[in-house]
Amino acid sequence: MDPASWLAAGEVRKARTAALLLAQVSKLPTCTDTTESTVLDRHSQRTVLRPIYDAASGTELKPDVARAARQEELAEIDKHRVFRKVLRRMARDRGKRVIGVRWVDLNKGDEENPSHRSRLVAKELRAFNPLCGGR
């Protein structure tokens, strides 16, 4: 068999493999998946419907101002590309662990001059630290 036929056979194999991979990948969920991502988005908005309390003082914060502070935090997260949201199933299939998050809301001002801050913080990071042994 001459080298030209080897190259031709390799190109045919490469094209066939690419077509098979594309067929498999097209079946995987994407960001436009309307099942799990819709449920997760709906659940994330549920926290805005409940009363929001200052993490330091425990006083109730105004929902519209807290929502605006949370939107500002999400915009900064997107701007700096802190993380990429993926479906839980995709993360587990790739051997990754899902890190839970929660909102920490603060009023850094006072009653007359409020200055609301919201931060999206990770939970249970000790469980991910190999030096802690999962404690």
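Nothing in this text is a laboratory measurement; each read-out follows from the coordinates by a stated rule. Remember, it's a predicted structure, so these values are computed and weren't measured experimentally. Cβ placement follows ideal geometry from the backbone for every residue including glycine, while neighbour counts extend to all protein chains displayed.
Somewhere in region 67-87, is a residue assigned to a helix (DSSP H, G or I), touching a residue at least 40 places away in the same chain (Cβ under 8 Å), over 13 Å from LEU120 (Cβ atoms) and over 13 Å from the mean Cα position of the chain (by Cα)?
We begin by selecting, within region 67-87, every residue assigned to a helix (DSSP H, G or I); these are 67-80.
Next cut, touching a residue at least 40 places away in the same chain (Cβ under 8 Å) only: 68-70, 72-74, 77.
Filter once more, keeping what is over 13 Å from LEU120 (Cβ atoms): 68.
Now narrow it down to the ones that are over 13 Å from the mean Cα position of the chain (by Cα): 68.
Yes - at least one qualifying residue is present in region 67-87.
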* Residues that are free of Cβ contacts under 8 Å to residues at least 60 places away in the same chain and within 13 Å of the chain's Cα centre (by Cα), drawn from region 88-102 -> ARG88, ALA91, LYS96, ARG97, VAL98, ILE99, GLY100, VAL101, ARG102
